[in-house]
């Protein structure tokens, strides 16, 4: 197996343009101020007292939150690393994988980098009975922001009828039903998530994989080769955030609900744009009557200062991803500029 890393263009796009924009509607993690106002003790003194137990406490907290055995939890640095390690495990089992578009670019970029023969299918035409090889997807879907019921059904299928599959559950906590995972020990399911998005702890880069306990040694060996240890400080802060989850549930829900309605109103008022209203995620996928999403998003950035995510990087060039994790007053200002732009550039 040969690793030939691909460029993840959505990362490059956001990195190159974030400093240029007035309103960043491509950023999908919660704002830092929510975590700062929580009960988390960020002090070094607190960390020093809990340094040695930080990882165990974090694993216990994830285990309790999702009601899974501790032996199924493997901490990672970032959700992106979790995607790589999870797909690396699947690559040992199969040279083929199915990915449904549109999809979060790192999932299919990592699959291609690992030398998978990737079979791409449209998300709207999923039929799991036709899926003979492993598949990988985000749930809820990133960039659309909805939970495909067929995917949820596939997660509960008996082993005899469904192959090995990987679910990126990074945004699962944004749904109305929280603290749930499609992972079940004893089934051929791997899931991953991260503290970055829901808890806004973007600088800590803590994530985790849930996988059958029999596979834990493989994941630990891979993690040791890539990242000998995850910084205990990051794990300690992440553990505290999980203990404060009820606070985050309220703050995040209020912000996302308010901003979703703002975006929904903008789309309803803008000729030529449609979307599937998300299940609660802080982003959605806006469909338009033209191609060349990158050129459109570049023109919007140049003329308005609003940064969006080109659908081209998610496998659909007729759409763009819009994220709304800014404070509502800034989201309103951003979509006002977008509305004016689309009035001047009608989507015919």
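A short reminder: the numbers here are calculations on the coordinates, not readings from a lab. Because the structure is predicted, anything quoted here is derived from the model rather than measured. Here the Cβ is made from the backbone with ideal geometry for all residues, glycine too, and neighbour counts use every protein chain on show.
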Expressed in angstrom and rounded, the centroid-to-centroid distance over alpha carbons for the range 262-298 and the range 27-102 is 30 Å
Scoring the chain by relative contact order with C-alpha pairs under 8 Å, at least six apart, yields a percentage of 26 percent
Once both label points are put 7 Å beyond Cα along the C-beta direction, the residue 101-residue 176 separation in nm becomes 3.3 nm
Here the FRET efficiency for residue 224 versus residue 264, based on Cβ atoms and R0 = 41 Å and rounded to 0.05, is 0.35
Taking only the alpha carbons of the chain, the radius of gyration and the largest Cα-Cα distance, Dmax, both in angstrom, are 20.0, 62
Simple spin-label estimate for residue 51/residue 20, 7 Å along Cα→Cβ, in nm, reads 4.4 nm
Subtracting the Cα-Cα distance of residue 67 and residue 132 from 0.36 nm times their residue separation yields 20.4 nm
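For the range 41-244, what percent of Cα pairs sit more than 24 Å apart? Kindly include the intermediate steps, with their values, before the conclusion.
On the way: 7796 of 20706 pairs.
In whole percent, the share of Cα-Cα pairs in the range 41-244 beyond 24 Å is 38.
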Connecting every pair of Cα atoms under 10 Å apart in the chain and solving the GNM, the largest mean-square fluctuation among 27, 121, 37 falls on 37
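Find how much the distance from residue 203 to residue 344 grows on full extension, using 0.36 nm per residue of separation minus their present alpha carbon separation; answer in nm with one decimal.
Numbers: separation 141, 0.36 × 141 = 50.76 nm, distance 3.86 nm.
Contour length minus the Cα-Cα distance gives 46.9 nm.
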Expected unfolding gain across residue 33-residue 333 under the 0.36 nm per residue rule, minus the alpha-carbon gap, is 106.0 nm
Zone reached by a paramagnetic label modelled 7 Å from residue 291 Cα along Cα→Cβ, restricted to the range 92-116 with backbone N below 20 Å, covers 101-103
